[in-house]
Every structure is written in structure tokens, then in C-alpha cells.
Amino acid sequence: MTSARPTAPTRVLAVSPHLDDAVLSYGARLHQLARSGAEVVVLTVFAGVPGPPYSATAHVYHDTWGVSGNPVPMRIDEDAKALRELGLTPRHADFLDAIYRTLPNGRWLVDDPSRSVSSQALEVEEPDLMASVAQHIREFSTRFRPAAVYTCAAIGRHVDHWRTRDATVKALLGTDIPLRFWEDLPYRGKTTRMPPLPAGTSFTGHLVEPVDPQDRDAKFRALLHYESQLALLGHESEPLPERLERYARERSETAYNEATWGLATTGGATR
Ligand code: CO
């Protein structure tokens, strides 16, 4: 243990789209904050437990994950183990992942396994879902009173990442809680494409945040708890820790790092 950093906030909230994203993208920094004395909660938005029947797309994902039946309880368990490894506290909201969602007309949001989830889901808006997710985040942060909130930048344009990011902006806009956006990993290694932020807001202040080897090592140990996700994340072709190290070295030769942006609002005010 090193001595606590004087700038470490007391309470930190990380809003994660799925059961793995906060650790994949920002796990080393969250570990660093936790061991510096912060109480860090990871609120996963799309952790709802679905029931059958499942869409054809969901069946394809279940096969990739190597599960039969309902995989979400197992994924919640993986997440609890990973977060425990990092000294973080899990909170799981019960919104359904895009592959389980239906539209008001009863059809699946995503129903063509031959097309990507996001290319289908982004063709429709989900205003009711967005409002509910924003309200959930607002209520949680009102109770928890975080000194800082982090969420994803939605690099890679996954629909659930986009919804999470914009709902978090919506929830916190007008408050004095600083919000930052982590670069989504491992997607950032392949693309820099992001959906536009809500009107009146933009990214500012890109920050590469170096961490100590112990934070990097804790993150890589934690990642291995997400057993069901490793195949989908390409762990077999190139182990995730090696790939994430490679991406980080593009930023800095000397230390493992993760990167974030701040949020600017129209008129130039940054927060
Ligand atoms: Co995700």
C-alpha cells in the first residue's frame, strides 16, 4: 500500500453499461482510487435478469458465452468476484441488455443474428428506457453523493454504451458533480468512432492517467473472473492483458494507463 493521495475523492461512482465494462476500461484507476481510501461503487445499468423466450440473437450470444439457459445470474456472480478483487462495491440495476429488449410493439429490439446488435438497435430510439435509466442514476447519485462520476465514452458505438453514457449525462447535467468518460476497452484499440454527445455538450480535456503496476496487475487478475465473456473479447487469440498493455503503450512507454475525457457544456463551462 502506498500513502493515500490527498486528491482522492471520498466517494466515487462508476456507471458501467454491462457486467465487465468498468473493469475492462477503467479498472486499474478505480482500484487505485479504492486503495487510496475512496469508496467506489460500480453501478451496472444493463444487469437485468431476462426470462425466456430469448431472441435468435440472444441464443447466438449464449452459445458464444458457452452457457445454456439464463446467463445473467452467472455474469452477476462473475462481476461480484471481479469487483471484490479490486476493492469495489457492485450495484446492479435491472435494465435488460439490448439482446433481451423488446419494443413497445412487442418485437425484439434486435432480431437478426446476421447483423450487429448496434446496427439494428441504433435504428430506433428508446426514449422511455433513456428516461428510466437517467432517473435511476439520478436517484442513486442523490443517495450516494459521489464526489466524482465516471462512465463510458461509447467508443465502438454499442447501443447500451451509448444509452448509458447519455443517460448519465442527462442525470447529472445541472448538478455540480464532475463527470468524466473513460475510453471503452478493448474497443478503443480498433476504432475511435463514437456517437455524438447530447446537444449542448462535448468532450473536453483528454487525460491519460498512469497507474502503478499493482493497479494494472489487480485489473488483469479481476478481468479473468469474467469467464463467460473472455471468448467474445478475443482472449484466446491474444490474451486480454497483453492486448490492453499493447494499447496502453501507444499512450505511454513507461506505465500502464487508462484515459478519460471531461464534459463541456455549451457556453464553454467545463466540469
Ligand atoms: Co459493454
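The values are calculated or read from the model by the stated rules, or taken from the named source; none is laboratory data. The structure displayed is predicted, hence computed values, not measured ones. Heads up, the Cβs are rebuilt from the backbone with ideal geometry, glycines too, and the neighbour counts pull from every protein chain shown. Keep in mind that these areas ignore ligands, DNA and RNA; they rest on the heavy atoms of the full protein, side chains included. Shrake-Rupley method; radii C 1.70, N 1.55, O 1.52, S 1.80 Å.
Conditions (1) open to solvent by 50 Å² or more (accessible area, probe 1.4 Å); (2) farther than 19 Å from Leu19 by Cα; (3) part of a helix (DSSP H, G or I); (4) without any contact (Cβ under 8 Å) to a residue 40 or more places away in the chain, marked per residue:
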| residue | (1), (2), (3), (4) |
| --- | --- |
| Gln135 | yes, yes, yes, yes |
| Thr142 | yes, yes, yes, yes |
| Pro146 | no, yes, no, no |
| Gly156 | no, no, no, yes |
| His161 | no, no, yes, no |
| Thr164 | no, no, yes, no |
| Asp176 | yes, yes, no, no |
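Exactly one residue out of Ser68, Ser114, Ser119 is loosely packed, with under 15 Cβ neighbours inside 10 Å, free of Cβ contacts under 8 Å to residues at least 12 places away in the same chain and in contact with a helix residue (DSSP H, G or I) (Cβ under 8 Å, 6 or more places away or on another chain): that is Ser68.
The set of residues in the stretch 47-60 that are open to solvent by 10 Å² or more (accessible area, probe 1.4 Å) and either aliphatic (A, V, I, L, M) or modelled with pLDDT of 95 or more (or both) comprises Val49, Ala56, Val60. Taking the stretch 228-245 as the range and being assigned to a helix (DSSP H, G or I) and either surrounded by 15 or more Cβ atoms within 10 Å (Cβ to Cβ) or on the phi > 0 side of the Ramachandran plot (or both) as the test, the residues that pass are Ser228, Gln229, Leu230, Leu240, Pro241, Arg243, Leu244.
Residues that are touching a residue at least 24 places away in the same chain (Cβ under 8 Å) and part of a loop (DSSP other than H, G, I, E, B) were ranked within the stretch 83-103; the one that is nearest to His136 (Cα to Cα) is Ala93. Among the residues of the stretch 182-194, the ones that are touching a residue at least 60 places away in the same chain (Cβ under 8 Å) and more than 14 Å from the ligand (Cβ to nearest atom) come to 0 in all.
All of Leu83, Leu96 fail the test of being open to solvent by 10 Å² or more (accessible area, probe 1.4 Å) and of a type in the set (A, V, I, L, M, F, W, C), apart from Leu96. Candidates Arg165, Arg143: the one that is within 20 Å of Val40 (Cα to Cα) and within 15 Å of the ligand (Cβ to nearest atom) is Arg165.
Could you pull out the residue among Pro210, Pro186, Pro196 that is more than 26 Å from Val133 (Cβ to Cβ) and either open to solvent by 10 Å² or more (accessible area, probe 1.4 Å) or within 18 Å of the chain's Cα centre (by Cα) (or both)? Answer to the selection: Pro210.
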